[in-house]
Structures are given as structure tokens and as C-alpha cells.
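Since the structure comes first, as C-alpha cells, the remarks are kept for the end.
The values are calculated or read from the model by the stated rules, or taken from the named source; none is laboratory data. Fair warning: this is a prediction, and the values are worked out from it, not measured in the lab. Cβ placement follows ideal geometry from the backbone for every residue including glycine, while neighbour counts extend to all protein chains displayed. Each accessible area value is taken on the protein alone, full model and side chains, heavy atoms only, with ligands, DNA and RNA left out. Shrake-Rupley method; radii C 1.70, N 1.55, O 1.52, S 1.80 Å.
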Amino acid sequence: MSELCEALEALDRPRIEALFQRALATDGPLQVIERLIVPSLKQVGDGWHDGRVALSQVYMSSRICEDMIRRVLPARAPGHGGQARMAIVVLNDYHMLGKRIVYSVLRASGFDLFDYERMDVAEIVDRAEADRLDILLVSVLMLPSALKVPELRSALEARGVHVRIAVGGAPFLFDTNLWREVGADAVGYSASDAVGIVQQWMEEAK
Amino acid sequence: MTTSLQRVLTTLGHQEPDRTPLFLFTTMHGARELGLSIQEYFSRAEHVVEGQMRLLEKYRSDCLYPFFYASLELEAFGGDTLFIENGPPNAGRPIIHRSEDIDQLEPPSVAKAVCLFRVLETIGQLKARVGDTVPIIGVVMSPFSLPVMQMGFDHYIELIYEQPARFSRLMAINEAFCVEWANAQLAAGATAICFFDPVSSTTNIPRDLYLKTGQPSAMRTLKRINGPTATHLASGRGLGIVADIAATGTAVLGVSALEDLALLKDAARNKLTLLGSLNGVEMRRWTADEAEAEVKRAIAKAGRGGGFILADNHGEIPWQVPDDVLLAIRDAVDRWGRYPLNWIA
Ligand code: B12
């Protein structure tokens, strides 16, 4: 795993591919994801949060992993095979990179999810209801967008849509109380935190 | 009586002035003072001049800050800006849709970019009001950070890694624009230029890549700017590249609340003046006591020997930060910022 982490941080694509193929020679795709990809992406994500790894490395490596996994585990409908029905969205602002990375990391970790791109509160409520979501992942970059989460929460409740909301993005990194203040159920400080949050919630739902 | 400019120049010379200078980077708060929407406020130079003067009187900050918003530079390149009621405007759609578009791109001429005139007028009018008593801080986006708005962050990262020739061309275009824009602000009366370069931060790219990309671009650009510059990482991390940034020829470094100010001070001593690093996002919910404690902590870590200007860590105080907090910061600087700082254990 540490070998893969090094290759990911160096963005050494041939080496990443070779390590992946080597793992696939002895294990099935799901095991490789669980034992190799998920922990490696977590290490890269934690490295970003600690300041040891840069965003450009997080972004490029998450894309490489997403590509590799897509080849062995094509995307399926969210919610298949007992997975939680989940979606990711950029709430109100226009900065898509955080969402893009979280999406790639979740896909590379074997999860399927809806990508709502950018939406405002009313649009999210409509889609969340239609898609019967269990989990909604919200990414923001601007503080005013983070402060919209309470409105999102009450609009969902008013419509009888009971989803768990995980939030992430720069404002939550700078104010670590903000996620509670806005009424989210969890916060992630790096993209790979989304994996742990989703796994835990799926465990609890069993 | 010491003027704000004298105080700032003393600290820039790594000497102790009468007290720690305070740069309160209030931009949108001027709209609140004038009872205008943020969009209306930024539509005329007169508003921003009036707003800045009222804020100066209210908070006695040691600078004036005629910064409108980052995406104004995108407007100069033909893009647009999206306004909201309770926060800073954001850039609209990118102007570079495919990397091939870079081959046809040309730097806009500042003399023809009407959207920029408001800033130059603002600077000129502020200068007429304060003369050489209060520094007027102009703002540019670094050539290396502007592309996030020009093409989107994801495509820009891909460009840096995958298309070196197009990346170089984009830097040349942005450098030409940045130099002209900075020099126009200096000619209009700005005292110094704040060079926003957060993509160079180790939050965003690793140091070895910075040394090949953001750093040489900053060196080429700062050399051609006819006045003092401050490099700001907009709350991105910089501890690992302090000496590299000093080598670009900048005098000041804006630093992040996510890093230890004492370590930053050790790295910057006698090389760079530090600017920061109060946490602006958290600031909206500080009590007066918390504000005082944060000010004390920052001054204790970085104030000794000068080379320090207290400010928020991003270069812009969020709209949501209440007056009470800003006044508490002001009071705390008056109380704890007087040199010599004998109260520090
Ligand atoms: C680089 C930068 C710039 C650059 C490029 C900005 C851009 N993206 O368009 C420039 C110089 C142009 C700039 C300008 C501005 N900026 Co700026 N900028 C930054 C900086 C340093 C990084 C921003 C970034 O894009 N990061 C990349 C994203 C992907 O990171 P992220 O959101 O943290 O996401 C990571 C994790 O948080 C997590 N994550 C994200 N979402 C989710 C969701 C879930 C569910 C989970 C689990 C995890 C997760 O995964 C990601 C990858 O690890 C930040 C400060 C910082 N240290 O982060 C300020 C920051 C974003 N900027 C800010 C502001 C205000 C602005 C301006 C509005 C200033 C102005 N008045 O003009 C403009 C807007 C520009 C625009 N596009 O319109 C503020 C926003 C907060 C606020 N105060 O409202 C910040 C946070 C600075 C601060 N400390 O206050 N900026």
C-alpha cells in the first residue's frame, strides 16, 4: 500500500497501473479496492489535510484511480446491491473541483452515486425526493453557501425527505464547528473522508 | 504622531514601530456603511471611496484597500461576474473552454478595459484624500493563479501537468496583463501591490512543481512591477516555501491560520514581513474576549522585532463578520500591540 501511495503522490501512472495489475492477479476487484485503493486514497487525503500533499496530487491521483476502477467495475445505478442511495452536489456556488474529487474517490472506492452537479435548495429537494436518497453529500467553497445548509435541511424535512447530510469544502476546514452549527450530520476534511462517512452510515443502517 | 505609512515602513524594515500595524481588509463592509447592495456598491468608484473612508475612520486600520473582487480581472478578459446579496461576487463561466483557446488568447489592454477604470479612479480619489499618511494597497491576481477563473481549477491542473507549451503561453499572456494592471494602480496612487498567488501555496501544488511554474512566473512578473509587492497565499499554506517566495523579490507574505505563526516567523525573519493570520471564517462567531485572545496570540508569536502586520489570513474579511468583532480586534491591537512588547513572557 505504501508503494502505491508513493506512486500516487508522484503521479507515476505506469507504476500505479503495474501495482494495480499485480494486486488483481491474486485478488478480485472488490478486495483490491478494499485492501489497496481505499487505504491508499485515505493516506493521500489525510496527507492533504495535514499539509504534506498538495491538491494537484489529490486531484490527479483520484482521477487515475477512478479510471482504473471503471475498467474493472463499471458504474451501476446508485443503490444497487444494498448500497445506500446517495448523491453529491455543489450547493449554490460555482466551484466544482471539490465535488469532482469526492466523486472520483467514491467511485474509485467502489461506490455508485448520483452527480447533481450544481443546484440550489429547491432543485436539490426535488431531486432528493425523486431519487429516494439516503445520503446527500454537499460540497461548497464559499461561506454564504455553507450557511445555506440549514435552509436545505429544513426544506428537505418539510418535504418529508429524511436524508443524512455530509458536508465538506474550505469553509468547514477553517471553522471546525461550522458543520454542527449548520445542522449537518457529518463533515469531511478531505475527499477521502467521504468514504469513511458513507461506510459508517451504511453499517448503521443494517 | 506616527502615521500609518511610517508605522508600516518601520515594520517592513524589520524594526519595531510604535505599535503593530493592523490591516483590516474590509471590502464589502463599505456597502453596509452606505446602505447599498454589494453589487450597487461596487458599481461606482465614489461608493468605494466613501466606504473605504468611513471604514478607515471607524476601525482606524493602517491601510486603505481599494480591492473590488477577484473576478474583475476575468471581466477584463471578457468574462462575467455573478453577484449575491450576502457575500463576495464570484467568477461566471470560464473564458477558456478548451485548452486550444489559449493559442488565440491575447492579453487585454488595461487602457481599454473599462471595468478596471473604477478601481483606478477609486485609488486616485483615495490618494487625494490621504496623501502619504495611509498606505493604499492595490491588488492583482498572480499570472499563475488567474487561470483558475479563466479555465476552471480542474482543467488548469491538467494543463500544468500535461501541456507545458500552452501553459507557458498562458503565463506569458497573464504576466503581460498583470504587470500592466499593477503598474496602472501604482501610477494612480497605490502605495504597494498585493499579489494574490494561492495556487503557488503548498495546499495546492507541491514545492518541486512550484519551483518550475509559479516561482519563475512570480519572479518575471514582480521584477517588472514598479513598486513594492506583498505576496498573498489567500490562506493557503506556505511554511515549506517561505525562502522560495522571498527569492521572488516580494517584501511581504500573507500567511494561513492553518499554520503556526511562530514557525512562520522563524522562517521569515529578516527576509519577509508576515501579514496575517487571523481566521476570517471563524471570526464571524468570535466574542470580544476571543478576538482579544487571538490578537494577543498572533502578536506574541510574530510581533517581536517588527516584520509583522496583523490582518486576517485571507486578504478579505467575510461579509458575515460583525462590527463588534472588528472593533474588538481594533481595541486589542491598541492594548497589546504597543512596542516594546514587554508583556510577552
Ligand atoms: C486558490 C484560491 C483562490 C484562487 C482560485 C479560486 C477558485 N477555486 O476559483 C483565486 C485567487 C482566484 C481566489 C479567488 C477568490 N476567493 Co479564494 N481561495 C483559494 C484557496 C486558497 C483554495 C480554493 C480552492 O479552490 N481549493 C480547492 C478545493 C477543491 O478545496 P476544498 O474546497 O477545500 O475541497 C477539498 C476538501 O475540503 C474536500 N471536500 C470538498 N468538498 C467536500 C464535500 C464532502 C462531502 C467531503 C467529505 C469533502 C469535501 O475535498 C477537497 C479535496 O481535498 C482557498 C483557501 C483555502 N486554503 O482553501 C480560498 C477561498 C476559497 N477563497 C475565498 C474567497 C472569498 C474568494 C473570492 C470570493 C475573493 C473575492 N472577493 O474575490 C474569490 C472568488 C474567485 C472566483 N472563482 O470567483 C474564501 C471562501 C470562504 C469565504 N470567505 O467565503 C476561501 C476559503 C479563503 C478563506 N479562508 O476565506 N481564491
Check your understanding: Once the whole set of protein chains is in place, how much accessible area is left on A:Asp27, using a 1.4 Å probe, in Å² to the nearest 10?
Key -> 50 Å²
**Study point:** With all protein chains modelled, accessible area of A:Met202 [1.4 Å, Å²]
**Key:** 50 Å²
**Study point:** Pairs of Cα atoms farther than 26 Å apart, chain B, %
**Key:** 46 percent
Review point. So how do B:189-200, B:3-14 stack up, highest first, on mean other-Cβ count within 10 Å?
Key: B:189-200, B:3-14
Practice item. Any chance you could give the angle, 0 to 90 degrees and rounded to 10, that helix B:323-336 forms with the longest Cα principal axis of chain B? Key: 60 degrees
Practice item. Could you name every residue in region B:251-297 that has 10 Å² or more less accessible surface in the full protein assembly than in its own chain alone (probe 1.4 Å, ligands and nucleic acids excluded)? Key: B:Leu258, B:Asn279, B:Val281, B:Glu282, B:Arg284, B:Arg285
Review point. Counting only protein heavy atoms and using a 1.4 Å probe, what share of the accessible area of the protein assembly as shown belongs to carbon plus sulfur, as a whole percent?
Key: 51 percent
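Could you work out the helix-only [θ] at 222 nm for the protein assembly as shown, with each DSSP H run of four or more residues adding -39,500 (n - 2.57) and the total divided by the number of residues, to the nearest 500 deg cm²/dmol? Present the calculation step by step, with values, prior to reporting the outcome.
Details: 28 runs with 274 residues, N = 551.
Roughly -14500 deg cm²/dmol at 222 nm, from the helical runs in the protein assembly as shown.
Using the crude model of +1 on Lys and Arg Cβ and -1 on Asp and Glu Cβ, and no other charge, please compute the dipole size for region B:4-336 relative to its Cα centre, in debye to 20. If you can, show how the numbers build up before the last one.
Details: 32 positive and 40 negative charges, 164 e Å.
Computed about the Cα centre, the dipole is about 780 debye.
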Study note, to complete from the structure: Looks like region A:48-126, by Cα gyration tensor root eigenvalues a ≥ b ≥ c and the a/c under 1.5 rounded cutoff (else prolate when a/b is bigger than b/c, oblate otherwise), is oblate
**Study point:** If the convex hull is drawn through the Cα atoms of region B:131-237, its volume per residue in Å³
**Key:** 94 Å³
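Report, to one decimal in Å, the Kirkwood hydrodynamic radius for the protein assembly as shown based on all distinct Cα pairs.
Numbers: mean 1/r = 0.0409 Å⁻¹.
Result for the protein assembly as shown, one decimal place: 24.5 Å.
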Practice item. Estimate the FRET efficiency between B:Ala345 and B:Ala247 by the formula 1/(1 + (r/R0)^6), using the beta-carbon distance for r and 51 Å for R0, to the nearest 0.05. Key: 0.90
Exercise for review: Skip the ligands, DNA and RNA, and give the accessible area per residue of region B:4-336 with a 1.4 Å probe, whole Å².
Suggested key: 36 Å²
**Study point:** Gaussian network model of chain A, springs between alpha carbon atoms under 10 Å - residue of A:Ala25, A:Ala146, A:Ala191 with greatest fluctuation
**Key:** A:Ala25
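I'd like the mean, over residues of B:133-142, of how many other protein chain beta carbons sit within 10 Å of each residue's own Cβ. Write out the running numbers ahead of the final one.
Values: counts 0, 0, 0, 0, 0, 0, 0, 0, 0, 0.
Mean inter-chain Cβ contacts per residue within 10 Å come to 0.
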Review point. Based on the mean of other beta carbon atoms within 10 Å per residue, what is the order of A:74-81, A:161-168, most packed first?
Key: A:161-168, A:74-81
Exercise for review: Using θ = phi - 60° and the Karplus relation 6.51 cos²θ - 1.76 cosθ + 1.60, list the HN-Hα couplings for region B:253-262 in order, rounded to whole Hz, with x at every Gly or Pro.
Suggested key: 10, x, 10, 8, 5, 7, 10, 6, 5, 5
Check your understanding: For labels at B:Asn226 and A:Gln199 in the simple 7 Å Cα→Cβ model, what's the distance in nm?
Key -> 6.0 nm
Practice item. Over the whole of A:46-59, what's the average partner chain Cβ count within 10 Å per residue? Rounded to a whole number, please. Key: 5
Point to revise | Backbone N within region B:304-337 under 15 Å of label point (7 Å from B:Leu9 Cα along the Cβ vector) | key: none
Point to revise | Exposure ranking of B:Lys127, A:Lys42 by accessible area [1.4 Å probe, largest first] | key: A:Lys42, B:Lys127
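Kindly state, to the nearest 0.05, the FRET efficiency for A:Leu30 paired with A:Glu3, given R0 = 22 Å and r defined as their beta-carbon distance. Don't skip to the answer; put the middle values down first.
Working: r = 21 Å, r/R0 = 0.94.
For A:Leu30 and A:Glu3, the calculated efficiency is 0.60.
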Revision key, fill the gap. Accessible-area loss of at least 10 Å² in the complex relative to the chain alone (1.4 Å probe) applies, within region A:68-104, to A:Tyr94, A:His95, A:Leu97, A:Arg100
Study note, to complete from the structure: Rounded to the nearest whole number, the per residue volume of the convex hull around the C-alpha atoms of region A:6-83 in Å³ is 101 Å³
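Taking 41 Å as R0, compute the FRET efficiency from the Cβ-Cβ separation of B:Ala293 and A:Asp185 and round it to 0.05.
Working: r = 31 Å, r/R0 = 0.75.
Rounded to the nearest 0.05, the efficiency is 0.85.
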Check your understanding: So, in nm, how far is label B:Lys212 from label B:Thr2 when the simple model puts each one 7 Å beyond its Cα toward the Cβ?
Key -> 4.6 nm
**Study point:** Long-range amide H partners of B:Ile136 with built H, under 5 Å
**Key:** B:Leu64, B:Thr191, B:Ala192
Practice item. May I ask you to find the residues of region A:149-186 that are shielded by at least 50 Å² of accessible area once the whole protein assembly is considered instead of their isolated chain (probe 1.4 Å)? Key: A:Phe174, A:Asp175
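Cα-Cα over 30 Å: which of B:Lys212/B:Lys265; B:Lys112/B:Lys223; B:Lys127/B:Lys265; B:Lys212/B:Lys301; B:Lys58/B:Lys296; A:Lys99/B:Lys58?
Details: B:Lys212/B:Lys265 25 Å; B:Lys112/B:Lys223 24 Å; B:Lys127/B:Lys265 32 Å; B:Lys212/B:Lys301 32 Å; B:Lys58/B:Lys296 21 Å; A:Lys99/B:Lys58 40 Å.
Distance filter (> 30 Å) returns B:Lys127/B:Lys265; B:Lys212/B:Lys301; A:Lys99/B:Lys58.
Heavy-atom accessible area per residue, region A:56-206, 1.4 Å probe: how many Å²? Before the final figure, lay out the partial values.
Values: 5800 Å² over 151 residues.
Value for region A:56-206: 38 Å² per residue.
Using DSSP to call loops (not H, G, I, E or B), can you name the trypsin sites (Lys or Arg not before Pro) in region B:277-317 whose Cβ has at most 16 other Cβ atoms within 10 angstrom? Each step should come with its number before you reach the end.
Details: sites: B:Arg284, B:Arg285, B:Lys296, B:Arg297, B:Lys301, B:Arg304; in loops: B:Arg284, B:Arg285, B:Arg304.
Hits after loop and neighbour filter: B:Arg285, B:Arg304.
Using a 1.4 Å probe on protein heavy atoms only, how many Å² of accessible area do B and A hide from each other, summed over both chains and rounded to 100?
Looking at B and A, the buried total is near 2300 Å².
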Exercise for review: Could you list the residues of region B:107-126 with an amide nitrogen less than 17 Å from a label point located 7 Å from the Cα of B:Arg54 in the Cα-to-C-beta direction?
Suggested key: B:126
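Looking at chain A, what % of its DSSP beta bridges pair antiparallel, to the nearest 5?
Values: 0 of 17 bridges.
Here the antiparallel bridges make up roughly 0 percent for chain A.
Just tell me how shielded B:198-205 is by partners: mean number of partner chain Cβ atoms within 10 Å of each residue's Cβ, no decimals.
Working: counts 0, 3, 0, 3, 5, 8, 7, 4.
Across B:198-205, the average partner-chain Cβ count within 10 Å equals 4.
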